[in-house]
1. Only residues in the range 1-22 that are within 18 Å of residue 215 (Cβ to Cβ) and touching a residue at least 60 places away in the same chain (Cβ under 8 Å) count as the first member; pair them with residues that are crowded, with 21+ Cβ neighbours inside 10 Å and among the polar types (S, T, N, Q), Cβ under 9 angstrom, at least 6 apart or cross-chain, and list the lot.
2. For the structure I just gave you, tell me whether residue 45 is free of Cβ contacts under 8 Å to residues at least 60 places away in the same chain and out of contact with any strand residue (DSSP E or B) (no Cβ under 9 Å at 6 or more places or on another chain).
3. Counting only residues that are in contact with a Phe, Trp or Tyr (Cβ under 7 Å, 6 or more places away or on another chain) and of a type outside the set (A, V, I, L, M), how many does the range 8-32 have?
4. Quickly run through the range 5-25 and pick out the residues that are buried (at least 16 other Cβ atoms within 10 Å of the Cβ) and more than 15 Å from the chain's Cα centre (by Cα).
5. Between residues in the range 137-161 that are within 20 Å of residue 189 (Cβ to Cβ) and at pLDDT below 90 and residues that are in a loop (DSSP other than H, G, I, E, B) and charged (D, E, K, R), which pairs lie under 6 Å by C-beta distance while being six or more apart or on different chains?
6. Quick one: is residue 48 surrounded by 14 or more Cβ atoms within 10 Å (Cβ to Cβ) and either at negative phi or of a type in the set (Asp, Glu) (or both)?
7. Going residue by residue through the range 190-198, is there one that turns out to be aromatic (Phe, Trp, Tyr), over 17 Å from the mean Cα position of the chain (by Cα), surrounded by 16 or more Cβ atoms within 10 Å (Cβ to Cβ) and not in a helix (DSSP H, G or I)?
8. Every residue in the range 149-179 that is surrounded by fewer than 17 Cβ atoms within 10 Å (Cβ to Cβ) and among the hydrophobic types (A, V, I, L, M, F, W, C), please.
Amino acid sequence: MPAPLCRLYLITPPKLDDVAGFGDLLAHALDAGDVAALQIRLKGVCDDIICAAVEALLPIAASRDVAVILNDRPDLAARLGCDGVHIGQADGTLAAARGLVGKDKMVGVTCHDSLHLAMEAADGGADYVAFGAFFPTTTKTASSRAEAELLSGWQLDMVVPCVAIGGITVATSRQLAAAGADFLAVSGGVWTYADGPAAAVQAFNVEIAKGVASRV
């Protein structure tokens, strides 16, 4: 069976006060439907907290064939056995990240609303580029706003996968999948979903499939 043309890419909540409890929540969410990756994104915390989160969550994701991507820290991603790292424009160079994690791990790069930055990342060997924010988000302060047409334009000429990020909800996911996103990166849209994260994963997958179907 071919891989879906657009898949869900989960991002952890900004804070994990109860890692074990979140691990249970994560397991139920991953069991509810297709998820390609989990990004562990914990800002402003010490390395010990990041390491504890990775050590607790990586086995849960790995047992379900979900890639684990660590935000910002290629050094820790390499040391802890993550599947890759995601870096922003202020988090060091792509070349430096690649040197730390190695050629067999994934490196994703935030490119905001810039095709130029995305093309530079693709030419530099990024495994994916991330565009956004597409919608207002409370997870982080977004420095740019991207339009869905950016995804369509990227797909015309580029083969490096693109990730849509920023304020994506079940209600807005279909249009981004239809526009050409290879992955939808979602945090609050899953973890704060009214019916719970597992129901959110199910609902996202339904809407993503509808969006992909409308591309033809």
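1. From the range 1-22, the pairs are 6/173; 8/173.
2. yes
3. Residues meeting the conditions: 2.
4. 16, 19, 22, 23, 25
5. Here the result reads 144/113, each pair linking the range 137-161 to a residue that is in a loop (DSSP other than H, G, I, E, B) and charged (D, E, K, R).
6. no
7. Checked against the condition, which is being aromatic (Phe, Trp, Tyr), over 17 Å from the mean Cα position of the chain (by Cα), surrounded by 16 or more Cβ atoms within 10 Å (Cβ to Cβ) and not in a helix (DSSP H, G or I), the range 190-198 yields at least one hit.
8. Scanning the range 149-179 gives 156, 158, 159, 171.
The values are calculated or read from the model by the stated rules, or taken from the named source; none is laboratory data. Predicted, not measured: the structure shown is a model, and the values here were computed from it. Here the Cβ is made from the backbone with ideal geometry for all residues, glycine too, and neighbour counts use every protein chain on show.
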